[in-house]
Structures are given as C-alpha cells and as structure tokens.
1. Would you please give the residues with an amide H less than 5 Å from that of ASP181, counting only those at least 5 places away or on a separate chain, with H modeled from the backbone geometry?
2. Kindly express, to the nearest 10 degrees and within the range 0 to 90, the angle between helix 96-109's C-alpha long axis and the longest C-alpha principal axis of the chain.
3. Please list the non-local residues whose amide H lies under 5 Å from the amide H of ASP124, H modeled 1.01 Å from N, same-chain partners needing a gap of 5 or more.
4. Nearest 20 debye, what's the magnitude of the dipole of the stretch 77-238 about its Cα centre given +1 on Lys and Arg Cβ and -1 on Asp and Glu Cβ?
5. Tell me the angle of helix 125-136 to the major Cα principal axis of the chain, expressed in degrees between 0 and 90 and rounded to the nearest ten.
6. Could you work out the relative contact order of the chain, using alpha carbon pairs under 8 angstrom and six or more residues apart, expressed as a whole percent?
7. Take the Cα atoms of the stretch 1-128, build their convex hull, and give its volume per residue in Å³.
8. Add +1 for every Lys or Arg and -1 for every Asp or Glu among the other residues with Cβ under 9 Å from the Cβ of ILE196, and state the total.
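Every number here is computed from the coordinates shown, using simple stated rules; none is lab data. Not measured: the values here are computed from a predicted model. All Cβ positions, glycine included, derive from the backbone under ideal geometry; neighbour counts span all protein chains shown.
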Amino acid sequence: MNFKNKYDQVKIQIEAVELLRLAKEKYSYQELMNLTGIPITVLNRYIKGHILPNPERAIAILNSIEKAFDISNYIREKIEFNEDGLLDNTKIIGDTILLRYIANHIVRLLAGKRISKVLTIAVDGIPLATHIANAFNVPLVYAKKEKEVGVSSFIEETYTLTGFGVQVSLYLPKGLIERRDSILIIDDIIRSGEQIKAIINMTKKIGANIAAIFVLITVGDKWKKELEDYQVYSLVNLSEKS
C-alpha cells in the first residue's frame, strides 16, 4: 500500500493498535495470536503502546481482525435498556476507541464520495459525529433544539414527534453550510425518522448536496417511510421490541 505522507502511515499504525485494544475486550491474547499470527509478547507490546507495528504489519492486523471481529455484535453488547424499556447507549457514545474505529469504518465505507462537512443534532449525535468529521478532516456542524445566544440568524425546521403530538424545532446558524457543500448526516439512533427528515429539509433549504446518511443504531422500520428517497447506512438494526 502506498501512503501519501508520513501522517497517513502513522495513522494506519495507530488504527491497527486501537483495533487490537478493542478486540482485546472480546478475545484472549491466544485468540488474537491465532487471528494475526503475531506472538503474544509482541501483541502485548502493541496493545500497551510500547511500540507500533510497521505499516505493512498494521494493514495485515486490520485485515485479519476485521474479518473475525463483528462490530455490530460488539455494539449490541454495549446497548442497555432501562426499566421503562428505553434504549441507553451511554457505554457506546462514551467509548472513544470504539467511536474512532466506527469513524474509520465510515471513511472506508464511503470511499469515493465527496464529503465537505458533517452535520448532526445536539447532543447525543455530537460524540460520534466529531470522530467522523475528524476522520474525514472536515468541519463538524450541528443543529440545536434551542436558539444559541449571540447568533443572529438561523435556518429553522419544525417537526412533530410521532405518538406524542409535540412539535420540536431545530436551529442551525446560517452560514455554516453553503450550497457547494456535500453533507454527511450523522445520528446515533433513529426510530421514527422525523428528526433526520428535519435535518434533510434544512440542508435542502440551503441547497447543499446530501452525500450520505449514517445512523449508528436503527430501531424498527417506521423510519424507512420518512427516508425512502435516501440511502441510510447503519451498523446495528434492532427490532421495535428489543
């Protein structure tokens, strides 16, 4: 593999080590050795950060572990439900190594698409979107459910929460997105789809292009009706009863 520069080379080396650390939560050193063909003592030094694998070995590590490591299952195991049956994704959005891995996964998934900005909704979408924007090396933009003090003008979109009859407004400061932008929309969870549709409408008002939509966790399939005109990528799909 040819690297554009030293930075890209080191980035791959670090990515391999972070994947090893992630996989170590699920696999023993013996299992990691069987997967990678690398001696346990060397794996231990990689995982503890004492040394980095050379670029060729880093790529081999990524390829061998990704074939065996089921990221969707790994994320599922971190999902919890409270006594009211509401989904709790705290262990996911707080896991920075996992979020960086997901971000790198999205970069590979969307290879070839032009992404100029990442757009999400405060607050839970921000941790994942931040890592994805960093991986693409583009600005992060997010809409809020209240007007930010000090901002004079906004793009505004209002939607109704299904089943609650409550209207919610989103506010995006004007000028953060331009017509020439190609937007990657990110959210952590989607159920009904109204919130993502509102963000799409805001983007369309500006005239920017929607390059792709990525949602970490989808619940049920009601959201598909709202987003039938768009390709939605996700890593975990839960049934409505999960």
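1. Close amide H contacts, sequence-distant or interchain: ASN209.
2. 80 degrees
3. Sorted by chain and number, the residues that satisfy this come to none at all.
4. Numbers: 20 positive and 20 negative charges, 160 e Å.
Here the stretch 77-238 has a charge dipole of around 760 debye.
5. 60 degrees
6. The value is 13 percent.
7. Working: hull volume 17.6 nm³, N = 128.
Spelled out: Cα convex hull of the stretch 1-128, divided by residues, is 138 Å³.
8. Working: positive: LYS197; negative: ASP187, GLU194, GLU226.
My count for the surroundings of ILE196 gives -2.
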